[in-house]
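Report on one structure; see the data block that follows.
The values are calculated or read from the model by the stated rules, or taken from the named source; none is laboratory data. Bear in mind that the values here come from a model prediction, so they are computed numbers and not experimental data. Here the Cβ positions follow ideal geometry from the backbone for every residue, glycine too, while neighbour counts run over all protein chains shown. For accessibility, only protein heavy atoms count, side chains too; no ligands or nucleic acids. Shrake-Rupley method; radii C 1.70, N 1.55, O 1.52, S 1.80 Å.
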Amino acid sequence: MTQADRVFERFPDFIREYIYSHNWESLRGVQIAAAHSIFETDNNLLLTSSTASGKTEAAFFPILSELYEDKPQSVGVLYIAPLKSLINDQFERLSELLDMTDTPLTHWHGDVAQSHKKKLLSNPRGILQITPESLEAMLVNRSNDIPRIFGDLRYIVIDEIHTLTGTDRGNQIICQLSRIARLIGYHPRRIGLSATVGDPALAAKWLSADTGRETDTPAFPEEKIRWRLGLEHFYIDNPELSDKSLAANKEQTSSGAPEQKKKAMLDAGYEYVYDCVRDKKSLVFSNSREETEYICATLRQIARKRGEDDAKILIHHGNLSASLREEAEMKMRDSEEFAVTCATVTMELGIDIGQLERVVQIQAPNTVSNFLQRIGRSGRRGQVPEMMMVFREEEALPNTPLPQLIPWELIRAIAIIQLYIEERFIEPPSSKKLPYSLLFHQTLSTLAQSGELSAKKLAQRVLSLPPFSDVTPEAYKELLISMLNNGFLEMTEEKGLIIGLVGERLLGSFKFYAVFKDSEDFTVRQGSEEIGTITTPPPVGDRFALAGRVWEVEEIDTQRKLLYVHKVDGKMEISWPGDFGEIHTKILRRMKQVLAEDTQYPYLKENAQKRLDLARRTARNSGMLEHSLVNLGGYTFCLFPWLGTRSFRTLRKYIQKNAHEYNISGIEFEGCYYIKFKMEKTSDIELITHLCHGVELYGIDRDSLVEKSEIPLFEKYDTYIPHALLRQAYAQDKLRSDEAEDAIRGIFEEYK
């Protein structure tokens, strides 16, 4: 009997029936490995295998088998996911699996009816699916019920852990699990799921924090890459596609390009996107909510101008009402006709939307992980994943400076693709050593849960939570004193600490439970229908974009934070921020190689290939590939350090610190691509020699790069943290000196 047969025999009848009904011919490697770990060991488990490889079933088949054989006397499985939409999707999938059992399944988040939640509280059994925010609310408001709800908890499943490691939200989950363990007296087994973990050992360490258990991380043979992938480029002011380009598009349909039906009428790039998804069930990804809104409105406008149905172009992001999000999910999953959804990260994660035919990405994805997650939305049910990336930029003027002549987004996308093809590289999990915003939050939450505690006992409880292992008692004392002085805490006559009046006001809002930044949003309504939320309401009579439509304001109810609107035709330009997270240094270094090598990448379409050729000529003729510091004329210089976000930021601040000594002024930068500045009375070699000499003698002291006047506010509760602690955290968690030092040494070597 094979191992797969032994695993199959161990499953109860309802799981075997599920497998038969779905016409599975055999169990996959990830399912066999998961079953072995869960059945044969007492370890935690980290499952990292490709998108649509069956990780959810791999975890739940053996878990449900054990629960079926020995029913828990409380909630037996706690499933934590970062998105409501992911919980909703898994609720549907698990409901089908559990149909033939009496195991109850409860999903719990802000959009779920209270009656559903009360049913679980009255008889806590089965599986509970929950967001970190709802779990925090449960710990604060129902701490006495935790032993009754979770007293016989066997498993904790954390989905999409690559989005959580190194973030306040992920560390909040680790704090919650440790607090639950203290209340029930033991640590249940933990199972982490993700398709894109760059360093499984680091992710396993994060997953197992405080449990004392080993973590199994089964490895699987690398699958052969099977993609239909295409990249195309357009200049924004190009009024229409050339006839030659149209012909090329028709010929390339089989490799992922669209079959264009008509000449462009609005914008060549967006017309191309429309034809990519026309008559196909598709997702169109952008890197921000604002950009997603604009693209959705544009695609609907194109549909109307062509006399086609714009109702099949949907939208999905976190500021939309639950009903609109669920409508998009349902139509993508269930509709036999084509539907197109413009989305952010909310549809990037493991939602099963069935036979998706194509993914389109606008501009470059932020990371290799983003790219893999998004292309993995298509290609399920045995089909080949298919993605088109579309890039748009303004055509350069004759006097455009060198750094703006490089199509950074296109080059970054190529680097991301090549890094995965060549090395299977995925960004490793990041870490946060001094999460003071989360520390503030967990201090209030712990006191709200426990009631009055002495400062010593509070410190023991909070600082023993795994995310705070690098916080010193002195730093925590400074935070507590600040919280006392500002009314978040109060000291009783017995010298105990309790929640203060200001702290009570924070705890009184449902927004307290989230550790990510939120805003005082206004709810937008058209009649009785809720459309979504916006942060800043326009005046009555003004217009704004939301849910891919344009709305005119009829009435503003400031007290209830309601905005009443009606729909109008058209679309609106929206500006959006350009900083979407950190980029790894390996991506920047591979970008340099993209510009330096002559490789012809088979996935580049005609326009993209021409744009790359032009960029390569520009880079080579300028000398920026041989010398990282380039004179742009006169006193203007540009530095191309090829460093990721943290290291780039460190180098930039190191140059700023030395700016006066070397007569540097007017420092400008874009992302982590280049630093432009003016330098008088100092030559380039003098600057690099002096910088390198300083690095060799003293290194780069990160603390010294943070000015005493700086107040680095990044996380939700940073405004309540003493400024000295914020500067300390910034130096520790936002700067990286080793790569910056190596970059300076490398630039110095270029001058030898």
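Note on the range 393-409 and the range 166-194: Cα centroid distance 48 Å, given to the nearest whole angstrom. In a fully extended conformation the segment linking Asn658 and Lys517 would gain 47.4 nm over its present Cα-Cα distance, using 0.36 nm per residue. With all protein chains kept in place, the per residue accessible area of the chain amounts to 42 square angstrom at a probe of 1.4 angstrom.
Once the convex hull of the alpha carbons of the range 579-639 is built, what does its volume come to per residue, in cubic angstrom?
Output value, Cα hull per residue: 136 Å³.
Between the range 426-496 and the range 6-57, what is the separation of their alpha carbon centroids in Å? A separation of 41 Å, based on Cα centres. Here is how the number arises for the chain: DSSP H runs of 4 or more residues each give -39500 (n - 2.57), the sum is divided by the residue count, and the result at 222 nm is -12500 deg cm²/dmol. In the complete set of protein chains, residue-level accessible area for Glu582 is approximately 70 Å², probe 1.4 angstrom. When all protein chains stay in place and ligands, DNA and RNA are ignored, the 1.4 Å accessible-area order of Lys224, Lys517, largest first, is Lys224, Lys517. Each listed q (0.24 Å⁻¹) maps to a log10 I(q)/I(0) for the range 394-455 from the Debye sum over equal C-alpha point scatterers, namely -1.00. When the surface is traced with a 1.4 Å probe over the full set of protein chains, Cys342 keeps roughly 0 Å² accessible. All C-alpha pair distances within the range 286-404, sorted into 10 Å bins from zero, spread as 12, 40, 33, 10, 4, 0 percent across the bins.
For the cross-link pairs Lys84/Lys517; Lys657/Lys734; Lys517/Lys567, which exceed 26 Å when the distance is taken from alpha carbon to alpha carbon? Pairs exceeding 26 Å: Lys517/Lys567. Quick one: pull the percentage of alpha-carbon pairs in the range 614-752 with a separation above 20 Å. I get 49 percent for the Cα pairs in the range 614-752 exceeding 20 Å. Using every pair of separate Cα atoms, the Kirkwood estimate puts the hydrodynamic radius of the chain at 28.3 angstrom. Taking Cα centre as origin and charging only the Cβ of basic (Lys, Arg, +1) and acidic (Asp, Glu, -1) residues, the dipole magnitude of the range 430-501 rounds to 260 debye.
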